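Input: a single structure, listed below in structure tokens.
The values are calculated or read from the model by the stated rules, or taken from the named source; none is laboratory data. Keep in mind it's a predicted model, so treat the numbers as computed, not measured. No Cβ is skipped: glycine too gets one built from the backbone with ideal geometry, and neighbour counts run over all protein chains shown. These accessible areas exclude ligands, DNA and RNA; they are computed on the full protein's heavy atoms, side chains included. Shrake-Rupley method; radii C 1.70, N 1.55, O 1.52, S 1.80 Å.
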Amino acid sequence: MSLRSAFDSILSSPKPLDQLDAWLWENLEAGVSSKRHAWNHGGFSTVETNRSGALSPKTRTVILRRVDREFRSLDLYTDVRSAKVHQLQPSEWSSGVAAEGVGGSSCRGANACWLFYRHSTKIQVRIEGHATMLGFAEEQLAWDATPLRSRAVYASIEPPGLVLPSNQPPETGDRELSEMEAQRGRENFRVLRTTALSVDILYLRPEGHVRARIDYGTDGQKAATAHWVVP
């Protein structure tokens, strides 16, 4: 059953709110396992303080790497030198300070938001939560499972976002690395985990838009509370 047809089926049931949380996490898990799923890629937003001291939102597309339904968490992979890492926790993460927390995550969290949407489904999902960086052991498991070509992304000498002086795009031959060469990317590889605090689901249904909100506890473990809200 497609994402949209499953949601339509829920809406026609006697108690649709009771089914929303299960539908959400079942499809997030499907997004991890299938590249064709609408939620395999999502937007990940953070907030940056710009030079004038004002808050500036930053959003980028990332791959959904892992979902834990029990802890209601979503993982992505990133380079520790990337802007999003420093926007989330610049002082502690850059110095390597870590304290084990819920679900094996480390460091104090910061606000972040995931966004999933595909035009064909007409369903938008926003997940707000606290992003933390995993400890070394879980990070290593993720690295070991990462293909060689993907590891090469983290092995670049220059950090992500560096401005280049050339009029031409950079050469990409250095991305074809041996296992030993790609291993240098391990020190830059990180896993960010977002523990969901709330979810906003908007269905742009032709016969009338439908919108719901699901709230969780601060550690993602309390029972979900769902409500209909005005679209």
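Could you run through the range 197-218 and say how many residues are surrounded by 15 or more Cβ atoms within 10 Å (Cβ to Cβ), under 19 Å from Arg69 (Cα atoms) and among the β-branched types (Val, Ile, Thr)? Residues that pass the stated criteria total 3.
Here is a yes/no grid of residues against (1) assigned to a loop (DSSP other than H, G, I, E, B); (2) farther than 25 Å from Val153 by Cβ; (3) at pLDDT 95 or above; (4) in contact with a Phe, Trp or Tyr (Cβ under 9 Å, 6 or more places away or on another chain):
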| residue | (1), (2), (3), (4) |
| --- | --- |
| Leu74 | no, no, yes, yes |
| Thr78 | no, no, yes, yes |
| His86 | no, no, no, yes |
| Glu92 | no, no, no, no |
| Gly103 | no, yes, no, yes |
| Asn111 | no, yes, no, no |
| Gln124 | no, yes, yes, yes |
| Ile127 | no, no, yes, yes |
| Thr132 | no, no, no, no |
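Please work out which residue is farthest from Ile63 (Cα to Cα), limiting yourself to the range 141-158 and to residues that are open to solvent by less than 50 Å² (accessible area, probe 1.4 Å) and out of contact with any helix residue (DSSP H, G or I) (no Cβ under 7 Å at 6 or more places or on another chain). Explain how you work it out, then say what you get.
Step one: filter the range 141-158 for residues open to solvent by less than 50 Å² (accessible area, probe 1.4 Å), giving 142-143, 146, 150-152, 154-156.
Those left that are additionally out of contact with any helix residue (DSSP H, G or I) (no Cβ under 7 Å at 6 or more places or on another chain): 142, 146, 150, 156.
Details: Ala142: 14, Thr146: 13, Ser150: 12, Ser156: 19 Å.
If we take residues in the range 141-158 being open to solvent by less than 50 Å² (accessible area, probe 1.4 Å) and out of contact with any helix residue (DSSP H, G or I) (no Cβ under 7 Å at 6 or more places or on another chain), then Ser156 is farthest from Ile63 (Cα to Cα).
Among the residues of the range 60-72, just one is at pLDDT 95 or above, basic (Lys, Arg) and loosely packed, with under 15 Cβ neighbours inside 10 Å, namely Arg60.
For every residue, the table says whether it meets (1) over 26 Å from the mean Cα position of the chain (by Cα); (2) not in a loop (DSSP other than H, G, I, E, B).
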residue	(1), (2)
Leu164	yes, no
Pro169	yes, no
Met180	yes, yes
Gln183	no, yes
Glu187	no, yes
Arg190	no, yes
Arg193	no, yes
Asp200	no, yes
Pro206	yes, no
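If you check Leu197, Leu202, Leu177, which single one turns out to be among the aliphatic types (A, V, I, L, M), modelled with pLDDT under 95 and more than 20 Å from Thr146 (Cα to Cα)? Full working, then the answer.
On the way: Leu202 fails: modelled with pLDDT under 95; Leu177 fails: more than 20 Å from Thr146 (Cα to Cα).
None of the others qualify; the one that does is Leu197.
Taking the criterion of being under 30 Å from Glu176 (Cβ atoms) and open to solvent by 70 Å² or more (accessible area, probe 1.4 Å), the only residue of the range 119-136 that qualifies is Phe136. Candidates Ser56, Ser33: the one that is over 23 Å from Asp215 (Cβ atoms) and modelled with pLDDT of 95 or more is Ser33. Which count do you get for residues in the range 160-173 that are open to solvent by 100 Å² or more (accessible area, probe 1.4 Å) and modelled with pLDDT under 80? Qualifying residue count, the range 160-173: 1.
Table: residues versus (1) open to solvent by less than 90 Å² (accessible area, probe 1.4 Å); (2) without any contact (Cβ under 8 Å) to a residue 24 or more places away in the chain.
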site	(1), (2)
Ser12	no, yes
Gln19	yes, yes
Ala22	yes, yes
Lys58	yes, no
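The set of residues in the range 134-158 that are assigned to a helix (DSSP H, G or I), out of contact with any Leu (no Cβ under 8 Å at 6 or more places or on another chain) and among the aliphatic types (A, V, I, L, M) comprises Ala137, Leu141, Val153.
Got a sec? Which of Ser5, Ser45, Ser52 is open to solvent by less than 90 Å² (accessible area, probe 1.4 Å), among the hydroxyl-bearing types (Ser, Thr, Tyr) and either within 21 Å of Ala131 (Cα to Cα) or assigned to a loop (DSSP other than H, G, I, E, B) (or both)? It would help to see each step written out before you state the result.
On the way: Ser5 fails: either within 21 Å of Ala131 (Cα to Cα) or assigned to a loop (DSSP other than H, G, I, E, B) (or both); Ser52 fails: open to solvent by less than 90 Å² (accessible area, probe 1.4 Å).
Residue meeting the stated conditions: Ser45.
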